[in-house]
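Input: a single structure, listed below in structure tokens.
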Amino acid sequence: MRLAATLLASLALAAASSPLADATDAPAPPAAAQPAPVPPPPAITAKSYVLIDALSRQVLAGQNEAARVDPASLTKLMTSYAVFGALRDGKLRLDQEVPVSEHAWRAGGAVTDGSTSFLELNSRVKVDDLLQGMIVQSGNDATIALAEAIAGSESTFAALMNQYSDRLGLKGSHWNNSAGVPDPDPTHYTTAQDIAVLSAALANDFPQYYHYFSQKSFTFNGHKQDNRNRLLLKDPTVDGLKTGHTQEAGYCLAASALRNGTRFVAVVMGTDSFAAREDATAALLGYGFNFFETRKLYAAAQVVGKAHVWKASDMADVVVHQDVAATLPRGLADSATATVILEKRLIAPIPASQAIGRLRVMQGDKLLAEVPVYAAHDVPTGGFFRRLIDTIRLWFA
């Protein structure tokens with residue numbers, strides 16, 4: 001069964017002339033508005049890069065975005081997602097004090113030259129301070145202390161990171177440690193596109209904690225350190241996320257900006273300097289906001305149609321479980337259309353958690369998005385006669 005609906009219709013203006021006027025005297029109809037031309041994306045010198053819309057997840061520009069690369073400290077974005085999950089689930093509290101183990105202390109520069117939050121060995125530090133140390137200062141010690149507080153050991157926490165990674169659909173990533181320290185094991189990797197999707201998920205799934213990524217500095221134990229994402233100082237619309245650097249990874253940056261309700265995420269991996277990663281990221285964000293726009297088509301739980309369900313008493317409302325949006329060149333957003341495609345035979349009972357079809361968003365022949373659809377509520381079986389009649393009808397359907 002198909003249920004199609006054009007979401008945003010355009011209005012056509014027709015010029016009418018007097019019946020007494022000669023046709024040659026009638027004014028010509030106004031020319032149809034043309035969308036602004038979209039140039040190719042800016043030239044970026046990096047191992048890989050990508051620009052996406054945070055709501056629709058559409059890729060607006062990219063190069064080698066699915067190539068495996070060393071994540072360096074962008075690993076801490078995945079760690080942040082897992083920590084925020086523990087806070088949401090009540091397994092951790094912001095005011096909770098957790099111990100700093102020797103493993104965490106050593107990783108923070110006590111023995112190596114790693115990024116540090118200046119934690120003291122065997123001290124106890126609040127989760128709120130550790131989050132600031134991890135995100136603002138990129139402290140390896142704070143990161144590992146959080147990992148150990150949640151999972152007992154960093155290796156167990158890495159397994160948790162991979163579980164969250166799988167849930168988010170990050171098919172090009174695998175994590176072996178929480179901080180992104182150089183790892184001789186080649187199975188610690190990610191992609192620019194996965195980092196962009198992860199960054200969007202942090203903004204969308206945990207808005208209550210997202211402010212950590214826009215914090216410009218943090219002082220702990222008498223040491224003040226500035227956020228290394230200097231776009232926070234250069235562009236007031238940039239509100240996150242994270243920098244990364246190792247000799248192998250090069251200079252990396254995941255940045256997000258929010259303008260007029262639209263959030264774009266740009267990720268550059270493997271540039272050759274601080275300035276190069278900032279210039280490239282700023283250029284990508286500017287390109288996105290100048291030439292593209294996003295329209296929210298449906299909100300999570302919104303009814304998108306109705307479905308006939310065999311052996312049920314009533315039609316079922318059909319809903320999406322997530323926001324659905326389309327990102328198109330400016331002037332073309334109104335051309336997005338959505339179609340609900342249901343399974344051929346829906347037979348009660350149907351739980352609300354069971355996907356019963358999909359919503360497909362198109363612009364002409366181009367697929368923009370496709371998400372599952374569900375019954376708004378559990379659909380129970382109808383009465384005896386309804387079941388009997390539909391059983392007979394199904395023989396001939």
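Using the Cβ-Cβ distance between Ala352 and Asn122 with R0 set to 41 Å, the FRET efficiency works out to roughly 0.25.
Calculated FRET efficiency, Arg330 and Ala301, Cβ-Cβ r, R0 30 Å, to nearest 0.05?
The calculated FRET efficiency here is 0.55.
Using a cut-off of 25 Å between Cα atoms, the listed pairs Lys311/Lys344; Lys171/Lys242; Lys234/Lys366 include Lys234/Lys366 as exceeding that distance. Mean residue ellipticity at 222 nm, helices only, the chain: -8000 deg cm²/dmol; runs of at least 4 DSSP H residues each add -39,500 (n - 2.57), and the sum is divided by the number of residues.
Once both labels are positioned 7 Å from their Cα atoms along Cα-to-Cβ, the gap between Phe274 and Ala67 label points is 2.6 nm.
Simple point charges give the picture: +1 on the Cβ of Lys and Arg, -1 on the Cβ of Asp and Glu, and for region 48-291 a dipole about the Cα centre of about 560 debye. Normalised by the number of residues in region 299-396, the mean separation of alpha-carbon contacts (under 8 Å, six or more apart) gives a relative contact order of 31 percent.
Ordering Leu388, Pro71, Pro42 by Cα displacement along the dipole of the chain toward the positive end leaves Leu388 in first place; charges were set at the Cβ atoms of Lys, Arg (+1) and Asp, Glu (-1).
For region 299-396, a crude dipole built from +1 on the beta carbon of Lys and Arg and -1 on the beta carbon of Asp and Glu, taken about the Cα centre, is about 320 debye to the nearest 20. Say the dipole of region 144-264 comes from +1 at the beta carbon of Lys and Arg and -1 at that of Asp and Glu; which of Ser217, Leu233, Ala203 then lies farthest toward its positive end? Selected residue: Leu233.
Of the labelled figures [x] 154; [y] 200; [z] 140, only one reflects volume of the Cα convex hull per residue in Å³ as derived from the coordinates, namely [y]. Note: relative contact order over region 209-346, using C-alpha pairs below 8 Å and six or more positions apart, is 14 percent. Structural descriptor for the chain: relative contact order 18 percent, calculated from alpha carbon pairs under 8 angstrom and at least 6 residues apart.
Read-outs: derived from the displayed coordinates by stated rules, not from any lab. Because the structure is predicted, anything quoted here is derived from the model rather than measured. Don't worry about glycine lacking a Cβ; one is built from the backbone with ideal geometry, like all the others, and counts go over all protein chains shown.
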